[in-house]
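Asks: I'd like to ask some things about the structure below.
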Amino acid sequence: MTGKFVFAGNLVTSDVSMKLKCFRGYIEVVDGLITKIGNIEEFQKQIDNFSDSKIVTLGENEFLMPGFVDCHTHAPQYPNIGLGLDLPLLEWLNKYTFPLERHYSDAEFAANVYDIVVRRLINNGTTTACYFGSLHLEGTMKLVKYVVEHKQRALVGKVSMNVENDAGYYNKTEKELQEVEQFIKRVLSYKNDLVQPIITPRFAVSCSNELMCALSQLASKYKCGIQSHISENKKEIEYVLETNPECASYTDVYQRCGIFNGPCIMAHAVHLTEDEISEFSIRQVSVAHCPASNTRLNSGLCPVRKLLDRGIRVGLGTDISGGDSASMLDAMRRAMDVSLHLAMMGQPHTTLDWKEAFYLATLGGARALRLEDKIGSFDVGKQFDALLIDVYAKGGPIDKYAYNSGEHALVELVQRFVYLGDDRNIRQVYVNGETIKDFVI
């Protein structure tokens with residue numbers, strides 16, 4: 001979107017205190033950047049000043065909100081969505097995941113899948129995604145290609161693995177490091193501010209310490225972030241500690257390899273010890289909370305409230321195909337459920353309400369990915385990544401009744417969308433001010 005646009009109507013955003021801000025107002029967008037925000041009365045008084053802008057007036061049942069940020073999803077695993085979820089993590093990886101990901105040595109196969117995946121996420125309102133690719137350089141470049149083509153914002157990682165497994169899905173260390181560096185250079189050559197490479201050691205089970213140390217050095221050399229998994233499953237933790245007897249914890253393994261030296265986001269973090277939580281806080285390591293996969297694979301219930309209270313940045317991840325939905329709305333609902341389940345089990349002060357889930361899916365995710373200076377909330381100077389929501393969209397999942405309490409009409413609209421909405425309610429999706437979805441019934 002080039003030029004000047006003004007959106008006037010219901011606006012919804014969060015702040016760093018996780019509070020929801022709902023108000024009638026306007027947002028001016030110039031060449032993709034938010035330049036003015038105000039209340040509706042200010043807009044009406046100054047409307048003549050916007051004569052050179054295209055004005056978009058929202059309906060009474062519509063609102064504008066920041067785009068969803070998916071902090072953890074495995075793009076090559078989408079063909080397996082809904083399969084194998086009766087198995088624990090390590091069995092599921094060996095039986096379903098590694099055999100599927102081997103197919104991405106075929107660049108044409110990769111292209112067909114990734115085109116579908118990126119469009120699916122955009123349709124569900126995911127304006128920013130942090131992707132795991134596969135082990136393959138050319139296959140993962142196809143993911144970058146479709147992210148760029150469909151104009152999504154993304155961090156994309158070529159997965160690194162060098163520990164032998166039964167599926168034969170790994171690289172020799174030297175080859176892996178060469179390909180990761182090539183991948184970084186090729187992504188950076190796009191000179192596209194929306195898409196950045198991220199170093200991606202799968203996890204300590206499938207990466208040697210030698211490889212992880214070298215990957216940390218590449219991250220430092222190219223100023224890249226790092227993503228991986230930690231403490232998802234108790235048997236995984238046991239294996240990591242057995243193979244690293246000199247380390248006091250799973251976190252210690254990564255720390256000794258330099259993984260925590262720069263911007264870093266770790267998926268899951270379900271079973272961290274108190275000392276590990278302190279290390280995450282001190283090192284400012286982010287967590288991608290993936291409630292669907294943690295439940296489906298019987299891994300555990302992550303105490304997100306505890307992490308937040310300790311000052312750790314937390315966002316949400318769909319974690320396909322351990323997770324079974326590409327929708328961040330589903331991740332929000334699952335996050336609330338997990339927090340309630342912990343409370344039911346006797347753990348006090350664990351619950352997350354729907355307003356906090358909204359924060360985790362937007363500004364919380366942006367902060368977890370160190371993108372809060374650009375996206376995640378409506379603030380002057382940020383890029384306009386946004387969703388136009390029609391709560392009572394024709395053919396959608398939410399019915400409109402004559403009854404309405406009317407006391408907090410806008411808040412109730414948002415609440416209905418959080419609990420009941422789906423992709424049919426997401427009428428438009430904007431990234432950097434450009435429309436990348438326009439759903440008209």
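Asks: Go through the residues of the stretch 316-329 one by one and say whether even a single one is more than 25 Å from Ile259 (Cα to Cα), out of contact with any Phe, Trp or Tyr (no Cβ under 6 Å at 6 or more places or on another chain), of a type outside the set (Gly, Ala, Ser) and assigned to a helix (DSSP H, G or I).
Replies: Checked the stretch 316-329: at least one residue is more than 25 Å from Ile259 (Cα to Cα), out of contact with any Phe, Trp or Tyr (no Cβ under 6 Å at 6 or more places or on another chain), of a type outside the set (Gly, Ala, Ser) and assigned to a helix (DSSP H, G or I).
Asks: Now, a different point. What are the residue pairs meeting all of these: first residue in the stretch 38-52, first residue farther than 20 Å from Phe378 by Cβ, second residue surrounded by 11 or more Cβ atoms within 10 Å (Cβ to Cβ), Cβ atoms under 7 Å, and 6 or more apart or on different chains?
Replies: Partner pairs satisfying both residue conditions: Asp52/Lys4.
Asks: Still on this structure: Pick from the stretch 90-110 the residues that are in contact (Cβ under 8 Å) with a residue 60 or more places away in the chain and not charged (D, E, K, R): which of them is nearest to Ser231 (Cα to Cα)?
Replies: Of all residues in the stretch 90-110, those in contact (Cβ under 8 Å) with a residue 60 or more places away in the chain come to 90, 92, 94, 96-99, 101-102.
Filter once more, so that each one left must be not charged (D, E, K, R): 90, 92, 94, 96-99.
Values: Leu90: 12, Trp92: 16, Asn94: 18, Tyr96: 20, Thr97: 19, Phe98: 20, Pro99: 23 Å.
For the stretch 90-110, the residue satisfying everything is Leu90.
Asks: A further question on this structure: Residues of the stretch 278-298 being within 16 Å of Thr73 (Cβ to Cβ), open to solvent by less than 10 Å² (accessible area, probe 1.4 Å) and not in a loop (DSSP other than H, G, I, E, B), which ones?
Replies: The answer is Ser286, Val287, Ala288, His289, Pro291, Ala292, Ser293, Asn294.
Asks: Given Glu164, Glu149, Glu174, which one is surrounded by fewer than 21 Cβ atoms within 10 Å (Cβ to Cβ), assigned to a loop (DSSP other than H, G, I, E, B) and of a type in the set (D, E, K, R)?
Replies: Numbers: Glu149 fails: assigned to a loop (DSSP other than H, G, I, E, B); Glu174 fails: assigned to a loop (DSSP other than H, G, I, E, B).
Just a single option satisfies the conditions, and that option is Glu164.
Asks: Here is a follow-up. Consider the stretch 244-284. How many of its residues are out of contact with any helix residue (DSSP H, G or I) (no Cβ under 9 Å at 6 or more places or on another chain) and hydroxyl-bearing (Ser, Thr, Tyr)?
Replies: Of the residues in that region, 1 qualify.
Asks: Inside the stretch 108-139, can you point out the residues that are farther than 18 Å from Cys71 by Cα and either open to solvent by less than 30 Å² (accessible area, probe 1.4 Å) or among the basic types (Lys, Arg) (or both)?
Replies: Of the residues in the stretch 108-139, the ones farther than 18 Å from Cys71 by Cα are 108-113, 115-116, 135-139.
Matches in the stretch 108-139: Ala110, Ala111, Val113, Leu135, Leu137, Gly139.
Asks: Kindly indicate which of Leu371, Leu352, Leu388, Leu413 is within 25 Å of the chain's Cα centre (by Cα) and part of a helix (DSSP H, G or I). Full working, then the answer.
Replies: Values: Leu371 fails: part of a helix (DSSP H, G or I); Leu352 fails: part of a helix (DSSP H, G or I); Leu388 fails: part of a helix (DSSP H, G or I).
Of Leu371, Leu352, Leu388, Leu413, the one residue that is within 25 Å of the chain's Cα centre (by Cα) and part of a helix (DSSP H, G or I) is Leu413.
Asks: Moving on. Residue under question is Arg202, and the condition is that it be farther than 19 Å from Ala366 by Cα and open to solvent by less than 10 Å² (accessible area, probe 1.4 Å); does it hold? Steps first, answer last, please.
Replies: Working: farther than 19 Å from Ala366 by Cα: yes; open to solvent by less than 10 Å² (accessible area, probe 1.4 Å): yes.
So Arg202 passes the test.
Asks: Let me ask something else. Taking the stretch 68-102 as the search range and keeping residues that are outside any helix (DSSP H, G or I) and touching a Lys or Arg at 6+ places or on another chain (Cβ under 8 Å), which one is most open to solvent (accessible area, probe 1.4 Å)?
Replies: The extreme case among them is Pro88.
Asks: Here is a further query. Among the candidates Leu342, Leu301, which residue alone is in a loop (DSSP other than H, G, I, E, B) and touching a residue at least 24 places away in the same chain (Cβ under 8 Å)?
Replies: On the way: Leu342 fails: in a loop (DSSP other than H, G, I, E, B).
Of Leu342, Leu301, the one residue that is in a loop (DSSP other than H, G, I, E, B) and touching a residue at least 24 places away in the same chain (Cβ under 8 Å) is Leu301.
Asks: Something else about it: From the list Ile47, Ile81, pick out the single residue that is modelled with pLDDT under 95, of a type in the set (Val, Ile, Thr) and more than 19 Å from Phe358 (Cβ to Cβ). If you could, list the steps in order and put the result at the bottom.
Replies: Numbers: Ile81 fails: modelled with pLDDT under 95.
One residue alone meets the criteria, Ile47.
Asks: Just checking, does the stretch 251-258 include any residue being in contact (Cβ under 8 Å) with a residue 40 or more places away in the chain, open to solvent by 40 Å² or more (accessible area, probe 1.4 Å) and not hydroxyl-bearing (Ser, Thr, Tyr)?
Replies: Quick first cut of the stretch 251-258, residues in contact (Cβ under 8 Å) with a residue 40 or more places away in the chain only: 253-254, 256-258.
Pick out the ones that are also open to solvent by 40 Å² or more (accessible area, probe 1.4 Å) and you get 256.
Checking the rest, the ones that are also not hydroxyl-bearing (Ser, Thr, Tyr) come to 256.
Yes: the stretch 251-258 contains one or more residues that are in contact (Cβ under 8 Å) with a residue 40 or more places away in the chain, open to solvent by 40 Å² or more (accessible area, probe 1.4 Å) and not hydroxyl-bearing (Ser, Thr, Tyr).
Asks: Kindly provide the set of residues from the stretch 104-113 that are within 14 Å of His74 (Cα to Cα) and touching a Ser or Thr at 6+ places or on another chain (Cβ under 9 Å), ordered by number. Step through it out loud before you land on a result.
Replies: Within the stretch 104-113, the subset within 14 Å of His74 (Cα to Cα) is 104, 110, 113.
Within the stretch 104-113, Tyr104, Ala110 meet the criteria.
Asks: So, restricting to strands (runs of 3 or more DSSP E) that lie completely within the stretch 1-67, which ones have at least 1 residues that are in contact with a Leu (Cβ under 6 Å, 6 or more places away or on another chain) and either among the aromatic types (Phe, Trp, Tyr) or surrounded by 15 or more Cβ atoms within 10 Å (Cβ to Cβ) (or both)? Spell out how you get there, then give the answer.
Replies: Details: elements: 4-14, 20-30, 33-39, 54-57, 62-66.
Ranges flagged: 4-14, 20-30, 62-66.
Asks: Among (1) of a type in the set (Gly, Ala, Ser); (2) at pLDDT below 95; (3) touching a helix residue (DSSP H, G or I) at 6+ places or on another chain (Cβ under 7 Å), there is one condition Ala75 misses while meeting the rest; what is its number?
Replies: Unmet for Ala75, out of (1) of a type in the set (Gly, Ala, Ser); (2) at pLDDT below 95; (3) touching a helix residue (DSSP H, G or I) at 6+ places or on another chain (Cβ under 7 Å): (2).
Asks: In the stretch 346-405, how many are open to solvent by 40 Å² or more (accessible area, probe 1.4 Å) and over 20 Å from Thr435 (Cα atoms)?
Replies: 22
The values are calculated or read from the model by the stated rules, or taken from the named source; none is laboratory data. None of these values were measured; they are calculated from a predicted model. Methodologically, a virtual Cβ is constructed for each residue, glycine included, from the backbone with ideal geometry; neighbour enumeration extends over all protein chains shown. With ligands, DNA and RNA removed, areas are computed over all heavy atoms of the protein, side chains included. Shrake-Rupley method; radii C 1.70, N 1.55, O 1.52, S 1.80 Å.
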